[in-house]
1. With the requirement that a residue be more than 14 Å from ligand 2 (Cβ to nearest atom) and surrounded by 23 or more Cβ atoms within 10 Å (Cβ to Cβ), what does region 132-161 give you?
2. What is the number of the single condition among (1) closer than 27 Å to residue 396 by Cα; (2) surrounded by fewer than 21 Cβ atoms within 10 Å (Cβ to Cβ); (3) within 11 Å of ligand 1 (Cβ to nearest atom) that residue 164 does not meet?
3. Sort out which residues of region 306-326 are within 9 Å of ligand 2 (Cβ to nearest atom) and in a strand (DSSP E or B), and write them in order of number.
4. Condition first: over 25 Å from the mean Cα position of the chain (by Cα) and either within 14 Å of ligand 1 (Cβ to nearest atom) or modelled with pLDDT of 95 or more (or both). Can you find one or more residues in region 284-294 that meet it?
5. Out of the residues in region 327-352 meeting the condition of being within 8 Å of ligand 2 (Cβ to nearest atom) and either part of a strand (DSSP E or B) or over 26 Å from the mean Cα position of the chain (by Cα) (or both), tell me which one is surrounded by the fewest Cβ atoms within 10 Å (Cβ to Cβ).
6. Just to be sure, is residue 181 touching a helix residue (DSSP H, G or I) at 6+ places or on another chain (Cβ under 7 Å), within 16 Å of ligand 1 (Cβ to nearest atom), farther than 24 Å from residue 324 by Cβ and part of a loop (DSSP other than H, G, I, E, B)?
Ligand code: HEC
Ligand code: HEC
């Protein structure tokens, strides 16, 4: 209370000082009085955040937040699923803390970042990932790069989350991931909200961000979604070439002949004979993984990968893939396995899958079954596979792996 009063008093004093300053400046052109410096208004007003300081050190400076809200993106990037939750620096910063905080699990051992690792484009190199108390995920962890830049609003491999906001609390309440499931004696989401309410740095962060200390599920969703949406990667070789032309079908000056061939194959639809054999044209990848975001077509059905990790069951529900950017890191090394089942380890095998290993099934995308009876046979040559792999590698960025604003802010971890 005292602090608030002092705060109000200082505002009143400040404003009268400022008002008199401006009066002075207007009326003193002939006077010898030197103009009064207006320093006080930019100086942060006597609020300190001791818990933020001791927990995050120089990682988080509330007076100089990292830039999440006004990052530059290329003009050719137009898809955006932000909706009514535009990124602000304060909420994305709070999202960063939540993303890296092991307190979000029942055992204080697992954070979002345990599975979504910055060094692997926020994915995991494990086939499936470890959650709490021996829990395992049932699918491979998805990369989170450029999650914002898609027309598809739904999230997860099977699109079961209607928005990114609704997605973010599902790992928290998943029994095997972070464990606040309300089952088998475990707490539920309300248990977590109460827990976070008792942590001093959250009191300060929520007060700073929202003006009061209340931790709510909606606020967690808003902040986590903003942090995830802020993770962007547009400094690839592909982008350096794309910015110089006005469409993806032109050859890029900075790409090798092989990479340009791979691009053409990726972009161009195949031409099939009556038996679904490709006779000419490209490989048709862009119909579903649409450049320049390389996001999934919202109408896509499954691609014939119907296996389940560590099981003989089948899964026909997977109709989404994360952006195909950053499949590999800057050095060209895989950021983890591919597909929901993690069954494919490299890009060449993924390309080959589309060549002739598609499992026909009731939810297969029609585009992969061109005559309605037979799945496509692309009749790929080794040179074509190699070219598409080379092109996919041009989609690797650099900054996303090292930018501090997406890194772990807990200095004492
Ligand atoms: C135990 C590992 C694990 C933890 C912890 C975890 N995730 Fe995930 N995440 C996954 C897996 C696995 C998937 C894919 C699951 C599926 O589709 O069924 C996924 C999917 C996602 C997606 C969907 C991406 C897309 O393109 O559709 C987002 C977003 C995401 N996680 C964010 C988070 C956030 C935020 C947290 C923390 C609150 C978190 N995850 C915690 C493993 C994890
Ligand atoms: C009919 C739509 C469709 C077409 C055409 C298509 N894909 Fe896919 N792709 C998908 C879907 C859906 C997934 C997610 C599948 C899964 O995990 O089971 C996917 C997954 C992938 C993945 C794995 C992504 C990850 O994060 O693990 C790669 C790589 C890929 N596709 C490359 C290609 C290439 C290369 C082509 C062209 C030869 C192609 N795709 C054509 C729909 C399509």
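1. 148, 149
2. (2)
3. The answer is 307, and nothing else.
4. Filtering region 284-294 for residues over 25 Å from the mean Cα position of the chain (by Cα) gives 284.
Subset that is either within 14 Å of ligand 1 (Cβ to nearest atom) or modelled with pLDDT of 95 or more (or both): 284.
The answer is yes; a qualifying residue exists.
5. 344
6. Numbers: touching a helix residue (DSSP H, G or I) at 6+ places or on another chain (Cβ under 7 Å): yes; within 16 Å of ligand 1 (Cβ to nearest atom): yes; farther than 24 Å from residue 324 by Cβ: yes; part of a loop (DSSP other than H, G, I, E, B): yes.
Taking the combined requirement at face value, the residue satisfies it.
The values are calculated or read from the model by the stated rules, or taken from the named source; none is laboratory data. Computed from a predicted structure; not experimentally measured. With ideal geometry, Cβ positions are generated from the backbone for all residues, glycine too; neighbour counts draw on all protein chains shown.
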